[in-house]
């Protein structure tokens with residue numbers, strides 16, 4: 001209803017700083033510690049995946065984001081919007097650099113850098129009194145309401161359609177590692193088809209799970225690489 005009404009209005013409005021404050025307040029007072037930790041972890045894991053692609057793509061000048069919130073305070077400064085921008089930037093940068101080098105995909109790398117995959121300690125605000133302990137899936141449905149209200153139509157559409165970037169992200173990981181399993185986790189969606197009339201919280205939850213699968217598999221590959229390097233010739 002909020003999205004429909006905002007489409008009919010003759011003007012757009014947003015209030016990102018209020019969105020940050022409401023989000024942090026909600027996490028501290030209404031979401032379980034485990035739910036808050038999982039949400040923070042998603043921001044970190046997505047950053048680690050972007051760093052892995054940027055560092056192992058073989059392309060010069062790839063930017064690596066530094067969005068690594070380990071506390072709720074780290075979500076201030078428009079982190080929710082910035083982490084979507086980081087993903088768009090990765091896909092756009094790799095595409096432009098591949099075209100400039102007359103290539104269609106990242107080459108498989110024989111020596112991969114896995115050093116960026118460690119997740120730092122996450123410390124949600126345990127001392128806060130909580131009125132209720134919502135799980136993350138339920139919390140996302142509530143958090144989507146102020147997000148739709150306090151962002152412009154363009155920003156909301158950008159965030160919702162960022163889920164479709166999982167497919168090219170998984171393709172980059174598959175090309176770089178030579179492991180086609182990553183492609184199985186990328187939802188087959190056309191980037192030319194923009195849609196916001198979907199179950200956004202469910203899509204976000206699945207998006208986070210896909211990133212967890214990819215991160216876990218990269219850690220597995222890192223372990224295999226370490227064992228191979230340490231085995232006798």
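The table that follows gives values for the structure above.
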| read-out | value |
| --- | --- |
| Selected from 34, 167, 212 as most flexible by GNM, with the chain as the system and alpha-carbon contacts under 10 Å | 34 |
| Stretch gain in nm, segment residue 129-residue 114, where the contour uses 0.36 nm per residue and the Cα spacing is subtracted | 1.5 nm |
| Gaussian network model of the chain, Cα within-10 Å springs - most flexible of 164, 12, 82 | 12 |
| Cut-off 14 Å (backbone N to label point 7 Å along Cα→Cβ of residue 228), residues of the range 166-180 | 176-180 |
| Angle in degrees between helix 79-100 and the longest Cα principal axis of the chain, rounded to the nearest 10 | 40 |
| Debye equation applied to the C-alpha atoms of the range 97-172, log10 I(q)/I(0) at 0.20, 0.22, 0.24 Å⁻¹ | -1.11, -1.14, -1.18 |
| Percent RCO, i.e. relative contact order, over the range 43-98, from Cα pairs under 8 Å lying at least 6 residues apart | 42 |
| Cα long-axis angle, helix 200-230 against the chain (0 to 90 degrees, to the nearest 10) | 30 |
| D_trans [Stokes-Einstein, Kirkwood Rh over alpha-carbon pairs] for the chain, 4 °C, 1.567 mPa s, µm² s⁻¹ | 68 |
| Choice from 128, 30, 106 with maximal GNM fluctuation in the chain (Cα, 10 Å cutoff) | 128 |
| CD proxy at 222 nm, helix term only [per DSSP H run n ≥ 4: -39500 (n - 2.57); per residue of the chain; nearest 500] | -19500 deg cm²/dmol |
| Cα-projected label distance for residue 66 with residue 141, points at 7 Å along beta-carbon direction, nm | 3.9 |
| Rel. contact order, % - alpha carbon contacts under 8 angstrom, at least six apart, the chain | 29 |
| Inter-probe distance in nm under a simple model that places probes 7 Å from Cα toward Cβ, at residue 5 and residue 183 | 4.6 |
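Where a number appears in this text, it was derived from the coordinates with a stated rule and is not lab data. Computed from a predicted model, the values in this text were never measured in an experiment. Counting neighbours? That spans all protein chains shown, and the Cβs are built from the backbone with ideal geometry, glycine included.
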